[in-house]
1. How many of the residues in the stretch 401-428 are within 16 Å of ligand 4 (Cβ to nearest atom) and within 17 Å of ASP335 (Cβ to Cβ)?
2. Hey, among GLY426, GLY384, which residue is within 28 Å of SER491 (Cβ to Cβ), touching a residue at least 40 places away in the same chain (Cβ under 8 Å) and surrounded by fewer than 22 Cβ atoms within 10 Å (Cβ to Cβ)?
3. Check GLY370, GLY360 and return the single one that is at pLDDT 95 or above and in contact with a strand residue (DSSP E or B) (Cβ under 7 Å, 6 or more places away or on another chain).
4. Tell me which of these THR195 doesn't satisfy, since it passes every other one: (1) among the β-branched types (Val, Ile, Thr); (2) modelled with pLDDT of 90 or more; (3) not in a loop (DSSP other than H, G, I, E, B).
5. Taking VAL300 as the residue in question, decide whether it is over 22 Å from GLY435 (Cβ atoms) and within 16 Å of ligand 2 (Cβ to nearest atom).
6. I'm told ALA398 meets every condition in (1) closer than 22 Å to ASP419 by Cβ; (2) within 16 Å of ligand 4 (Cβ to nearest atom); (3) among the aliphatic types (A, V, I, L, M) except one. Can you identify the failing condition by its number?
7. How many residues are buried (at least 24 other Cβ atoms within 10 Å of the Cβ) and either within 16 Å of ligand 3 (Cβ to nearest atom) or hydrophobic (A, V, I, L, M, F, W, C) (or both) if we restrict to the stretch 316-344?
8. Please go through (1) farther than 24 Å from ASP335 by Cβ; (2) more than 12 Å from ligand 1 (Cβ to nearest atom); (3) surrounded by 20 or more Cβ atoms within 10 Å (Cβ to Cβ) for THR245 and return the number of the only condition it doesn't satisfy.
Amino acid sequence: MSLTPKLLSFAVLMALGGTAAAGNPHVDRALGLIKANGAAVKASPADAFIARDVIVDANGAEHVRFDRTYGGLPVIGGDVVVHSRGGQMQSASLTLGAPLSVNLRPNLRSDEAIVAAGAEFGSSFKGNPASSLVVYARDRGAAKLAYKVGFQGADQNDNPVDMTYIVDARNGKVLDRWTNIETGKPGGGSTCTSTTPAAGTGKTLFSGSVAISTTNCGTSFQMKDQTRGGGYTTDLNNGTSGTGTIFSDADNTWGNGTVSDRATAAADAHFGIATTFDYYKNVHGRNGIANDGKGALSKVHYGRNYVNAFWSDACFCMSFGDGDGVNYAPLVDLDVAGHEMSHGVTSRTANLTYSGESGGLNESNSDIFGTMVEFYANAPSDPGDYLIGEKLYIKYPAGDHALRYMYHPSLEGAGRSVDCYYSGIGSLDVHYSSGPSNHYFYLLAEGSGAKSFNGVDHTSPTCNGSTVVGIGRDAAANIQYRALTVYFTSSTNYAGDRVASLNAAADLYGAGSTQYNAVAAAWSAVNVN
Ligand SMILES: [Ca+2]
Ligand SMILES: [Ca+2]
Ligand SMILES: [Ca+2]
Ligand SMILES: [Zn+2]
């Protein structure tokens, strides 16, 4: 989520999931299949595979996701999902085009790579930039030995900036770059030791008076959700680092519906994250962001006049700014909370790299599920629609009524988002290259032509003059979720998304089904053929 390219934010680092370690029979079986079917995963003798996620379908089909190393170095773009059934290899999802053959002797020293990346970052960095060798294999062209360089600093508003650069180890050219926001520290804060759940009431800014789950600490209550893995909400008190202070309250009624009470935005965030947790669990059978039942930390009142919100994988947490108080209220409404938490889900599954076309697909996936959460919550004061962040405005800047318009992306105020795919879209900011995927999802769910939600016109054009008939948003979201978790890899692009969506639709509804054909028609309608 972000309003401007400069403020965009997302973390991409990944911890090994506990369920995906070697010794797990699904992992061992998939490793055996990789050994026996090296060509299918473009394996080279120097490759090693580290399991990251396991999905087993009701029919016994297994999908094991691996990261790849080459000569011991991480391969960016080398990840693969092995699909099998009954111990038989069925297929593999990957973007690597050929087995790796890379000279592992760099021409450049690590410090020279830092200087090369620093020329792009500028001089306002903090600490010592880190640099390590990787194999960069995101392009279909030859893989390259590269340095992965991290630069941290702050922008002119003192908001943290955290960049990753990929620097060619042969000639110092910056091959790729993306942002990571990583400000929080892990830790439980000063939460009480009680595990007694309590039913509180949140007087929210955007969703009215809602039930929220809290903890009974004896003489007071804390904003920690015992029914959803202990997810808790803290006050960052306008700072930009640390865990913050957990919200406490004497009567278990939180906030007053306005920003005059610091607990109001907290109630919105706590409610939004709980709703997102429930959506994933009840609709997709996913038990929390990492599918391990654990709740996450949400930090509100992040920074000063911060018009953004973000997920950070490093702290397994979300941060929500207060907005500028002029045009934007605190960024804690339902579709934004769902959007940010969905970045966490993406990072634990496909791990779409936040750059190029895969970055646009990452952003779009968060818009899709943020919207699904809004529909799922069914809050009378924030009914479902295909606008993103429409509730955040105190007053509308010229032409803007939402951050994004899924049914017609180019309606975005400055017209920087695009409706139709074109080759080269990957050079746009990820919040604009997300446009065709948002547009695809809307067409798949609702169809083309005139429609309105809650009095807001949602007329959706197609790029090829076709008429698309929607299959309903629940079916569309099922297809998206399966594509994300089973078929996407970190470098999936638009063409790959079309293939993944069709695979997902075939699994769920059958090849040649109405839903399958609608996926093909909706992608064609945004020029992805
Ligand atoms: Ca109270
Ligand atoms: Ca709404
Ligand atoms: Ca919305
Ligand atoms: Zn985002």
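The values are calculated or read from the model by the stated rules, or taken from the named source; none is laboratory data. Small disclaimer: the values here were computed from a predicted structure and weren't measured. Cβ atoms come from the backbone with ideal geometry, glycine included; neighbour counts cover every protein chain shown.
1. 8
2. GLY426
3. Exactly one residue qualifies, and that residue is GLY370.
4. (3)
5. no
6. Only one criterion in (1) closer than 22 Å to ASP419 by Cβ; (2) within 16 Å of ligand 4 (Cβ to nearest atom); (3) among the aliphatic types (A, V, I, L, M) is unmet by ALA398, namely (2).
7. 16
8. Condition (3) is where THR245 drops out.
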